[in-house]
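Notes to accompany the following structure.
FYI, it's all coordinate maths here, none of it is from the lab. In this text, all values refer to a predicted model and were calculated from it rather than measured experimentally. FYI the Cβ positions are ideal-geometry reconstructions off the backbone, even for glycines, and counts take in every protein chain you see.
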Ligand code: FAD
Ligand code: UDP
């Protein structure tokens, strides 16, 4: 986004350097050997409440409406996740209505004076049994930490509902790029001022390519050569499989909080709407080593990040943006919003300069 804005709006010449063999970072998509559009780095569902972000991206793609649904495999049943009225009724064999479920949650919720951790968020809303069934095992697998060791913001990403709404997200805009993310990025970068250099670590060329300003999107600790120690980033191993059947599962994602080494299984055709006689799915196996995918939100990591953030002020020639460089558990739309804000700061319009 910053490359696009700097080239098209500010008339700058931009060189994009990525060590991977493709553009688009983790949002990259491509066709697998069977001809099915997949997300090599796990299922990416676009959702946002920001009209500005939606309108900006709409310059580069048409959209297909898609509302993501998730089932969790718990006690031998597949039930809606986020926890909703049907989840509780099916799990416990009840027939509550929304008001009764509210009262039920109130009766099982544990009082928490200050909601600090990912455990607090859940037990203070739905009590310990649902916490154990849906959150504790999944979180331990995903992060190798107990929810009590993670910031509240992690499990707070997943709401609890007393209605029958079974959508994973409730944002105003829930859409997928009609021809995929990579096509959208290609159109974004299709400008004579933009060149792309793949399979290249920026460190191997920074001394040979003349540049005035760098936008850095990699891990911030690596940029500063781990001067303040390593910042943990959680990684995943993705296992992709293609099945000779048109549909593998009823919804886009099935979560497995308590069994198996993987956390979830996602079937791409639900997300993309593609029709094909076969279907491709991906299993996500969390791990510590490997490509960095997630910052790990907890107080000691925030503190270490702040030490790195202080170092960024010694580098006015570099701008740090994105999930890895600002150590924030951002969704795609938040990264786009951050990039658009960053662009306005780097290249203020005359009216904006006057207002400052
Ligand atoms: P990245 O996409 O991580 O890109 C950083 C790039 O920098 C990489 O391509 C990397 O190769 C490159 N790089 C790093 N170091 C160097 C170096 N030294 N030299 C050259 N290049 C380097 N978001 C959603 O909105 N919806 C979802 O459903 C969703 N699902 C997700 C599922 C998974 C499994 C994961 C891991 C993330 C998901 N996300 C989702 C989040 C989304 O992937 C991120 O918000 C987005 O990719 C962040 O973009 P970014 O540009 O900050 O970083
Ligand atoms: N989570 C959980 N059980 C679930 C789904 C999510 O415990 O069935 C917790 C888990 O800690 C997870 C976090 O909530 O890492 C955020 O979930 P989300 O689906 O947003 O994760 P992402 O798509 O970013 O991997």
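Looking only at residues that are closer than 20 Å to residue 134 by Cα and within 14 Å of ligand 2 (Cβ to nearest atom) in the range 237-257, which one is surrounded by the fewest Cβ atoms within 10 Å (Cβ to Cβ)?
251
Within the range 21-39, take every residue that is near ligand 1 (Cβ under 10 Å from one of its atoms) and farther than 20 Å from residue 69 by Cα and give me the one that is nearest to the chain's Cα centre (by Cα).
Residues of the range 21-39 that are near ligand 1 (Cβ under 10 Å from one of its atoms), as a first pass: 21-28, 39.
Cutting the leftovers down to farther than 20 Å from residue 69 by Cα gives us 21-26, 28.
Details: 21: 21, 22: 19, 23: 17, 24: 13, 25: 12, 26: 9, 28: 13 Å.
Checking each candidate, the answer is 26.
Cβ-Cβ below 9 Å, separation at least six or inter-chain, first residue in the range 283-307 and farther than 20 Å from residue 331 by Cα, second in a helix (DSSP H, G or I): which pairs?
The qualifying pairs are 304/221.
Every residue in the range 141-166 that is closer than 25 Å to residue 90 by Cα, out of contact with any strand residue (DSSP E or B) (no Cβ under 8 Å at 6 or more places or on another chain) and within 11 Å of ligand 2 (Cβ to nearest atom), please.
Matches in the range 141-166: 155, 156, 157, 159.
It is to be established whether one or more residues within the range 309-321 are part of a helix (DSSP H, G or I) and crowded, with 18+ Cβ neighbours inside 10 Å.
There is no residue in the range 309-321 that is part of a helix (DSSP H, G or I) and crowded, with 18+ Cβ neighbours inside 10 Å.
Which of the residues belonging to the range 294-305 are more than 16 Å from ligand 1 (Cβ to nearest atom) and either under 18 Å from residue 116 (Cβ atoms) or not in a helix (DSSP H, G or I) (or both)?
Within the range 294-305, 298, 299, 300, 301, 302, 303 meet the criteria.
Within the range 68-90, is even one residue surrounded by 13 or more Cβ atoms within 10 Å (Cβ to Cβ), within 16 Å of ligand 1 (Cβ to nearest atom) and within 30 Å of residue 190 (Cβ to Cβ)?
Looking through the range 68-90, at least one residue is surrounded by 13 or more Cβ atoms within 10 Å (Cβ to Cβ), within 16 Å of ligand 1 (Cβ to nearest atom) and within 30 Å of residue 190 (Cβ to Cβ).
From the residues in the range 40-57 that are more than 12 Å from ligand 2 (Cβ to nearest atom) and assigned to a loop (DSSP other than H, G, I, E, B), which one is nearest to residue 242 (Cα to Cα)?
Applying the filter and picking the extreme gives 40.
Of the residues that sit in the range 108-125 and are more than 25 Å from the chain's Cα centre (by Cα) and in a helix (DSSP H, G or I), which one is nearest to ligand 1 (Cβ to nearest atom)?
Checking each candidate, the answer is 124.
Return the residues of the range 266-287 that are in contact with a helix residue (DSSP H, G or I) (Cβ under 8 Å, 6 or more places away or on another chain) and either outside any loop (DSSP other than H, G, I, E, B) or surrounded by 16 or more Cβ atoms within 10 Å (Cβ to Cβ) (or both); say none if nothing qualifies.
Scanning the range 266-287 gives 274, 279, 280, 281, 282, 286.
With respect to residue 141, determine if the residue is within 16 Å of ligand 1 (Cβ to nearest atom), under 27 Å from residue 252 (Cα atoms) and within 27 Å of the chain's Cα centre (by Cα).
So residue 141 passes the test.
Of all residues in the range 242-265 being farther than 13 Å from residue 68 by Cβ and in contact with a helix residue (DSSP H, G or I) (Cβ under 7 Å, 6 or more places away or on another chain), which is farthest from ligand 1 (Cβ to nearest atom)?
Among residues in the range 242-265 that are farther than 13 Å from residue 68 by Cβ and in contact with a helix residue (DSSP H, G or I) (Cβ under 7 Å, 6 or more places away or on another chain), the one farthest from ligand 1 (Cβ to nearest atom) is 258.
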